[in-house]
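Here the structure comes first, spelled out in structure tokens, and everything after it is commentary.
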Amino acid sequence: MFWIFLTAAALLTVLIAERVQNRAVVWAAKPVASSGFIGYAVVSGALDNPYGQAVLCALILSWIGDVLLM
């Protein structure tokens, strides 16, 4: 449940920061939201089967992409 709340809070923070045009907060909160996706995948058993591992790999690559595109 922690990962869901962390992701939701970070997403809300990103949306508000985008609205008020605060890039520094977006840069801080966006990787936190993406990390929440990864954390939730891990605690949900993504490492237990090949499909979950592929999804986890995709989430990690998405995280890297988010960071590099900022």
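Please treat every number below as a calculation from the coordinates, not as lab data. These figures come from a predicted structure and were not determined experimentally. All Cβ positions, even for glycine, are placed from backbone atoms using ideal geometry, and neighbour counts span all protein chains on display.
Annotations for the structure displayed:
- q = 0.28 Å⁻¹: log10 I(q)/I(0) that the Debye formula gives for the chain, counting C-alpha atoms only: -1.15
- For peptides 34-44, 4-14, 19-29, sequence by mean Cβ density within 10 Å, most packed first: 34-44, 4-14, 19-29
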